[in-house]
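The values are calculated or read from the model by the stated rules, or taken from the named source; none is laboratory data. Just so we're clear, the structure is a prediction, and the values are computed from it rather than from any experiment. Cβ sites come from the backbone with ideal geometry, for glycine too, and all protein chains shown count toward neighbours.
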Amino acid sequence: MKNNSFSQIADAIKHAKSIAFFTHIDPDLDAIGSALSLYFACKNLGKKVTFFSKENFTEIQLMFLENCNVSSSMCDASQFDLFISTDAPAMYRLGDYAEIFNDKNNTIVIDHHINCGLIGRQNYVNTEMSSCSEISYQILRAMKANITPQIATLLYAGLSSDTFSFINTKTNSNSFWTAYKLVKAGADILKVNELQYRRHTKKEVEFKKYLWTNFQIVDDCAYCTIPLKELQAMNGKKSDFDSYSSELVSLKDIHYSFSLAETSKGFFEASFRAKSGYDVRSVAMKFGGGGHIEAAGAKFNAENIQQATNMILDEIKKQKSEKK
Ligand SMILES: [Mn+2]
């Protein structure tokens, strides 16, 4: 796939009158920031804009969705002349909205993952970017759009969360340069930091307690599993244990980590992390998932949680021995 230039994409956006925005299911702040920054810039230019999503947004996500027209109904393609997807590399990541990108509609795909088949009429996919929000920022610059404090805050939230606060190895000079520009434009760092890092609820603490009580280590892999019964007892869902794998990979001498939860009978959701130089994307792909080299996820079926755990441990072991 050949990338279009920022100015080509900016032109397409500027010429559109009504634009539908999409991002991946289970959206993180980079998904929301990269999509909504463009959404609000277009809205400010007087365009008709709709953000399509069927998520049950968390309280924190809703803080970033303020004043956004979110539609959870199907998208009537005849109502829009442009369709933009951000932060999603594969069709299935768009959930019920994938269909739109199947047609030869006027689509734009903006992303920083290794592409897995989601291709627009125009594309800008760059895996060197630490966040998709950085790409959205470049497009807004090419559009000469006014970067309002609200837009800057959305982009900063995406950048800050996808770099794990500027510590993961994708963090580069462009991440800091973009952060500098966004703070200059009025990004509310305090709001982003407070919402992301200083709002731990009692429930989150319960989940952390579970993690640090139940985690296991095998060789250089740390992991934590949550059986369905425990998950229900803690009244938890996927987002509640999302941070487990990130926490575990930060342990000394640990190169791989994963969290694994049984979210319904016989159905498992796994989140993988790796330290720099190690690869969990290829592990996730074995289970029908994907993501980045150092941060990936997958959903799959297994008889029980012990079997699911062993399947992952075996796969990590196998890939390590293949690399030797
Ligand atoms: Mn992202």
When you scan the range 91-181 for helices (runs of 4 or more DSSP H) that lie fully inside it, which ones turn up with 2 or more residues that are within 14 Å of the ligand (Cβ to nearest atom)? 132-142, 149-162
Restricting attention to the range 11-52, which residues are charged (D, E, K, R) and modelled with pLDDT of 95 or more? D11, K14, K17, D30, K43, K47, K48
E55 meets each of (1) within 16 Å of the ligand (Cβ to nearest atom); (2) over 27 Å from K299 (Cα atoms) with one exception, condition (2)
Considering the range 268-308 alone, what residues qualify as being hydroxyl-bearing (S, T, Y) and over 21 Å from S250 (Cβ atoms)? S282
The lone condition E247 fails out of (1) within 19 Å of the chain's Cα centre (by Cα); (2) loosely packed, with under 12 Cβ neighbours inside 10 Å is (2)
So for the range 77-88 (the condition being within 13 Å of I151 (Cα to Cα) and either touching a Leu at 6+ places or on another chain (Cβ under 9 Å) or not in a loop (DSSP other than H, G, I, E, B) (or both)), does at least one residue qualify? no
Give me a count of the residues in the range 243-289 that are small (G, A, S), assigned to a loop (DSSP other than H, G, I, E, B) and in contact with a Lys or Arg (Cβ under 9 Å, 6 or more places away or on another chain). 4
